[in-house]
Amino acid sequence: MIRFLPSFLKSSVTMRAWAVLGVTGLLASCGSPKEEAPPAEAPAIATEPAPKVSMTEWSLLEMSFDEAKALSPQHAEVGQYRVAGDSVEVLKKDDEGKALKVKAKGHVFIEINLPDRATALCDEATLSVNEAMLYGGPIMMQSSRVAKSTSESTAFRITDHLRVQGRFEMIKPEDLMQTILASTDAMPIAPRAETAKPTAVR
């Protein structure tokens with residue numbers, strides 16, 4: 001059982017500015033003119049590790065419920081959970097018509113109304129008054145800490161704690177900031193549009 005909500009994540013996180021790292025050049029030594037230089041080896045291509053949390057995932061997790069509603073066709077509220085998605089079906093209501101159980105599918109966003117606000121993303125979720133079950137690559141953030149599944153078969157169960165069934169990883173605030181910055185640096189820069197030169201009219 002992972003103490004993720006709220007006792008596990010009570011401390012507030014202060015983001016630190018990250019220093020810009022310089023790149024040092026390689027110096028090659030020159031041999032004697034009479035000596036034949038050995039054939040140069042092909043330089044090794046450095047591969048950057050894939051970001052643990054992409055800029056898109058972080059932006060979605062940072063959304064408010066009102067922002068998620070504006071982007072999603074359907075939404076609902078049940079207990080402490082507020083959910084938006086491509087499809088949100090109310091499975092059970094109380095006598096006053098309030099939702100007691102809902103099922104959401106497709107680009108699901110969930111906001112958990114706790115003292116330390118938490119948000120989650122997944123492909124499918126079943127929510128009742130007491131718990132939320134998340135399937136299909138779930139990811140959850142609270143107080144700048146992220147729990148992210150590393151398998152499509154991983155499921156999250158959220159009550160006042162997070163319980164995980166399957167493989168996942170915990171990402172600390174400092175690692176989250178590093179991976180967001182790495183994801184931003186990897187974004188391609190759009191080429192600048194060239195202004196057409198006016199032609200002289202004779």
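Miscellaneous remarks
- Scanning segment 110-138 for residues that are open to solvent by less than 10 Å² (accessible area, probe 1.4 Å) and aliphatic (A, V, I, L, M) yields a total of 8.
- Among residues of segment 147-166, those that are buried (at least 18 other Cβ atoms within 10 Å of the Cβ) and farther than 17 Å from R82 by Cα, counted: 6
- Residues (in contact with a Leu (Cβ under 9 Å, 6 or more places away or on another chain), charged (D, E, K, R) and over 24 Å from S144 (Cβ atoms)) located in segment 94-122: D94, K101, K103
- Subset of segment 93-147 [in contact (Cβ under 8 Å) with a residue 60 or more places away in the chain and closer than 23 Å to Q178 by Cα]: D116, A118, L121, I139, M140, M141, Q142, S143, S144, R145, V146, A147
- Per-region count, segment 79-109, residues in a strand (DSSP E or B), open to solvent by less than 80 Å² (accessible area, probe 1.4 Å) and either of a type outside the set (V, I, T) or touching a Lys or Arg at 6+ places or on another chain (Cβ under 7 Å) (or both): 11
- Restricting S72, S54 to residues that are closer than 28 Å to D175 by Cβ, at pLDDT below 95 and open to solvent by less than 80 Å² (accessible area, probe 1.4 Å) narrows the list to S54.
Each row is one residue, and each column tells you yes or no for (1) of a type outside the set (K, R); (2) closer than 20 Å to K52 by Cβ; (3) not in a strand (DSSP E or B).
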| position | (1), (2), (3) |
| --- | --- |
| A68 | yes, no, yes |
| E77 | yes, no, no |
| L114 | yes, no, yes |
| T119 | yes, yes, no |
| L127 | yes, no, no |
| N130 | yes, no, yes |
| A147 | yes, yes, no |
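The values are calculated or read from the model by the stated rules, or taken from the named source; none is laboratory data. Since this is a predicted model, take the numbers as computed values, not measurements. Here Cβ is always computed from backbone atoms with ideal geometry, including for glycine, and neighbour counts include all displayed protein chains. Surface accessibility is based on the protein's heavy atoms, side chains included, excluding ligands, DNA and RNA. Shrake-Rupley method; radii C 1.70, N 1.55, O 1.52, S 1.80 Å.
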